[in-house]
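Taken together, the values in this text are just the output of simple stated rules run on the coordinates, not laboratory data. Quick caveat, the model's predicted, so the values are computed rather than measured. Note that we place each Cβ from the backbone using ideal geometry, even for glycine, and neighbour counts take in every protein chain shown.
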There are 2 protein chains.
Amino acid sequence: MDELENRKTAASNWFSDAQASFIAAFERLEDEAGPLYQDMPPGRFERKAWKRGDGISDQGGGVMALMRGRVFEKVGVHFSEVRGEFSEEFRKQIPGAEDDPRFWACGVSLIAHTRNPHAPSAHMNTRMIVTTKLWFGGGGDLNPMLSRYRADDHADTRDFHAAMKAACDAYDPEWHPKYKKWCDEYFFLPHRGEPRGVGGIFYDRHNSGDWEKDFAFTQDVGKAFLAVYPTLVARRMNIPWTEEDRAEQLFRRGRYAEYNLLYDRGTTFGLKTGGNVEAILSSLPPLATWE
Amino acid sequence: MDELENRKTAASNWFSDAQASFIAAFERLEDEAGPLYQDMPPGRFERKAWKRGDGISDQGGGVMALMRGRVFEKVGVHFSEVRGEFSEEFRKQIPGAEDDPRFWACGVSLIAHTRNPHAPSAHMNTRMIVTTKLWFGGGGDLNPMLSRYRADDHADTRDFHAAMKAACDAYDPEWHPKYKKWCDEYFFLPHRGEPRGVGGIFYDRHNSGDWEKDFAFTQDVGKAFLAVYPTLVARRMNIPWTEEDRAEQLFRRGRYAEYNLLYDRGTTFGLKTGGNVEAILSSLPPLATWE
């Protein structure tokens, strides 16, 4: 039991540290933005602590951090560590919850909507879940806004996939093909017949049997995202954009909102299990259009 | 059997006529708009016929009509008459489809997003469904964009409810209280703890045992909406608005999109049963924000 508690503490500390690292990286880009942004001050994150549940039993909570900046029109980086019991509805769907509905879940999630249509939006999430079983889940995917950036052989797409691949390959050469495919299948809008973005990796119920290895992998996914995504934003954020680029970005964001509200399991699951509505729906774009 | 076919034909003719009446009323408002709109030409609907299914068997189809106008920033008025078989997934959920999955469904649906934040948005839908059973469904609800218009005792709200009440009361005094309550319950965002709009009526599986009466009621709901909604738009469309009003409208539209993608049964049902994606999702607002 002590070992499990130690692991929870180690994971929680990492997810909280990761939140701080992302916040620092994004605020740095706000400071470094060029003359396109001179009429706006550099953005800063606002942090808000929240508690889960009824306020009587301790069900944990989290720290939301949201920035409405100049490079990042809207970006959320949220840490949460929650515990409780799954409702009847979910017990059968969750590994290890059939007989004992108690759970502990901790993670960090990030959704960035850039202002410049040339700079990609992106999502990253890593988490550890404990029921009578234990596993990790997460991933990261890149969402370029302009169709000319959405090719498989675009430099940004290639660099993003290379970073995710390196994080996987350090542990198991089978993980990247598997998790890249899962990402392509998961972030897909069937009613539109189109992918949400250009992919990345997605994994769930990940337990190789070696906790140290899986935890190290989880950290490396976060570190890889932290290394590559701000680089891609810096590469594009100072390119002037046109009205047409902005219109295409807003259209693409409409599709992003469709995906999150119709299909994203984190969103629908979170709304049904008493998650923080404000944090969950902070993934929705600041401004979006539908034709 | 002849009687059933005659009823289908009568209903189909009515829904198609209703579509034409709504289109005419909305185009008239486009023409009558005042100097606030002088930089924009009056909008006109674009009609697009579509076929359901594989193109081999005749599964019906419809006529989408969409206008991006000056009074109506985006408004869709869609007629459809479709037939087919429910998939295994839906047979158990649909009255009369357990043993025989064939269905026929015909209706008209309307979603109007006004440009002026003072003018309410609104939704109306009436339909007739035939499986081994037969019923009507539909309703109309008003969605004022500004909080000062969202009071129960606001003139627009009162006029809208009075129109829906009159349509119901002509047939049965119990229908309006029942269908108004259903509307309040249905058009509600549980995760936000707030209603979508100020309500109206909502009904489904409506079959009083007297088809002539139910069909007349269906027509009267459409006529009542046609009488009251354009009047409310005309009352408000020439009031100048501020940047703050526009911001509140875009925020409210974000909530509207949330509702439709997370909860609206017509949307999720339509996307899962091979409906026309373009028509179904034309309900989404032209431009929306999330805080």
*Ranked by Cβ crowding within 10 angstrom, fewest neighbours first, how are A:LEU271, A:LEU281 ordered?*
A:LEU271, A:LEU281
*asked:* Rounding to the nearest 10 and keeping the result within 0 to 90°, find how far the Cα-based axis of helix B:175-186 lies from the longest principal axis of chain B.
replied: 70 degrees
*Exactly which trypsin sites (Lys or Arg not before Pro) in region A:189-291 are in a DSSP loop and have at most 16 other Cβ atoms within 10 Å?*
A:ARG192
_Of A:LYS8/A:LYS74; B:LYS48/B:LYS180; B:LYS74/B:LYS272; A:LYS8/A:LYS92; B:LYS133/B:LYS272, those spanning more than 28 Å from alpha-carbon to alpha-carbon_ = A:LYS8/A:LYS74; B:LYS48/B:LYS180
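What does the charge dipole of region A:125-237 about its Cα centre add up to, to the nearest 20 debye, if the Cβ of each Lys and Arg holds +1 and the Cβ of each Asp and Glu holds -1? Spell out each step's value before the answer.
On the way: 16 positive and 16 negative charges, 77 e Å.
With only Lys, Arg, Asp and Glu charged at Cβ, the dipole is about 380 debye.
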*On average, how many beta carbons from a partner chain sit within 10 Å of the beta carbon of a residue in A:283-289?*
6
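Can you give me the relative contact order of region B:3-283 as a percent, contacts being Cα pairs under 8 Å and 6 or more apart? Please report the intermediate quantities before stating the final value.
On the way: 503 pairs, mean separation 48.0, N = 281.
The value is 17 percent.
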*Let me know the mean shielding of A:253-262 by other chains, meaning the per-residue number of their Cβ atoms within 10 Å of its Cβ.*
4
*Rounded to the nearest Å, what's the spacing between the alpha carbon centres of region B:246-291 and region B:129-200? Just the number, please.*
18 Å
*Give or take rounding to whole Å, what are the principal axis extents of the alpha carbon atoms in chain A, in descending order?*
57, 43, 36
*Across all directions of projection, what mean area in square nanometres is found for the Cα convex hull of region A:1-140?*
10.0 nm²
*What are the lysines whose alpha-carbon lies under 16 Å from the alpha-carbon of B:LYS223, with same-chain residues fewer than 8 places away excluded?*
B:LYS165, B:LYS213
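Just how large is the dipole of region B:14-84 about the Cα centre, in debye to the nearest 20, putting +1 at every Lys and Arg Cβ and -1 at every Asp and Glu Cβ? Show your work: numbers first, answer last.
Details: 10 positive and 11 negative charges, 46 e Å.
Approximately 220 debye in magnitude.
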_Between helix A:2-32 and chain A: long-axis angle, C-alpha atoms, 0 to 90°, nearest 10_ = 10 degrees
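Hey, what D do you get for the protein assembly as shown in µm²/s if you plug the Kirkwood alpha-carbon radius into Stokes-Einstein at 4 °C and 1.567 mPa s? Present the calculation step by step, with values, prior to reporting the outcome.
Working: Rh = 26.0 Å.
Once the numbers are plugged in, D ends up at 50 µm²/s.
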*Can you list, shortest first and in nm, the gaps between the label point of A:ASP99 and those of its counterparts in the other copies, using a point 7 Å from Cα in the C-beta direction?*
4.4
*Taking the axis that carries chain B onto chain A, what is the nearest Cβ in chain B, and at how many Å, to the whole number?*
B:LEU261, 2
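Tally Lys/Arg at +1 and Asp/Glu at -1 over every other residue whose Cβ is under 11 Å from the Cβ of A:ASN276; what's the total? Write out the running numbers ahead of the final one.
On the way: positive: A:LYS48, A:LYS51, A:ARG52; negative: A:GLU278.
Here the count lands on +2.
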_Treating the point 7 Å from Cα along Cα-beta-carbon as the label, what are the nm separations from B:GLU185 to the other copies, to one decimal?_
3.9
*Of the options B:PRO95, B:LEU232, B:THR9, report the single residue whose Cα projects farthest towards the positive end of the charge dipole of region B:3-283 (beta-carbon charges: Lys, Arg +1; Asp, Glu -1).*
B:LEU232
